[in-house]
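Trainee: This is the structure, below, for whatever I ask next.
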Amino acid sequence: NKNILMVQKIMVPPYFGPISCWKQIINSNILWDVHQNYIKQTYRNRTFIHSANGLQILTVPVKHSKIKFSMLEAKIDNSIAWQKNHWRSIESAYSSSPFFEFYKDSLEKIYIKEYIYLTKFNFDIIKLILEWTDIEMKSELSKDYKIGYENSLDLRKNMENKKYSCSENLKYRQVFSDKNGFLNDLSIIDLIFNEGPNSISYLK
């Protein structure tokens, strides 16, 4: 299986990334485009979780400038206590999920560390999810900005989602689904905290 020549997929590194994004990552050959212009309010710096009150958006604050800048140059605005807030939100949303205990310590470490660049933060999270799930993927970073890529599957547009995605996924048990119903295509952590080691077969 490993010897099959895989089509390269072009993606932008997300903040966690929704389940639909990880369905593309699993067993794939990814080129992470870090040179295209940074676009605010997208999966680059936001993720959707299922809290007691329903859908909750977590957004990493990014320093803005009048000049356009690339994803690679996007700097986090640490004047806001966003890490503490995100960690608190994740904890209150998932502390009663079946698998939160197994993963929380390694995730909390990331929220304690101070990051300057968004891509560094996103890649540390992606690396952590790969470790948790044993997902296999090949990846490399873009060397410069390209409008298009030949013989590749360009999935960069999938990161532009400014609203909650409606990508249909199979239902699984969510902590607050009795109260709020099933919420589709949330952050990958919603799947992992609820399904644990079973997440990988769900993604396939």
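Trainee: All but one of (1) among the charged types (D, E, K, R); (2) surrounded by fewer than 20 Cβ atoms within 10 Å (Cβ to Cβ); (3) within 25 Å of Lys204 (Cα to Cα) hold for Lys40; state the number of the condition that does not hold.
Mentor: (3) is the only condition that Lys40 fails.
Trainee: Same structure, new question: For segment 100-110, how many residues are of a type in the set (Phe, Trp, Tyr) and surrounded by fewer than 18 Cβ atoms within 10 Å (Cβ to Cβ)?
Mentor: Adding up the residues that qualify gives 1.
This table checks each residue for (1) in contact (Cβ under 8 Å) with a residue 60 or more places away in the chain; (2) closer than 27 Å to Gly148 by Cβ; (3) open to solvent by 70 Å² or more (accessible area, probe 1.4 Å); (4) not small (Gly, Ala, Ser).
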{"site": "Cys21", "(1), (2), (3), (4)": "yes, yes, no, yes"}
{"site": "Ser28", "(1), (2), (3), (4)": "yes, yes, no, no"}
{"site": "Asp33", "(1), (2), (3), (4)": "yes, yes, no, yes"}
{"site": "Gln36", "(1), (2), (3), (4)": "yes, yes, no, yes"}
{"site": "Ser97", "(1), (2), (3), (4)": "yes, no, no, no"}
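Trainee: Which condition breaks for Asp105 when tested against (1) in a helix (DSSP H, G or I); (2) in contact (Cβ under 8 Å) with a residue 12 or more places away in the chain?
Mentor: (2)
Trainee: Need the failing condition index for Leu58 against (1) hydrophobic (A, V, I, L, M, F, W, C); (2) more than 22 Å from Leu155 (Cα to Cα); (3) open to solvent by less than 10 Å² (accessible area, probe 1.4 Å); (4) in a helix (DSSP H, G or I), just the number.
Mentor: (4)
The values are calculated or read from the model by the stated rules, or taken from the named source; none is laboratory data. Nothing here was measured: the structure is a model prediction, and the numbers come from that model. Cβ sites come from the backbone with ideal geometry, for glycine too, and all protein chains shown count toward neighbours. Quick note on the areas: whole protein, heavy atoms, side chains included, nothing else; ligands and nucleic acids left out. Shrake-Rupley method; radii C 1.70, N 1.55, O 1.52, S 1.80 Å.
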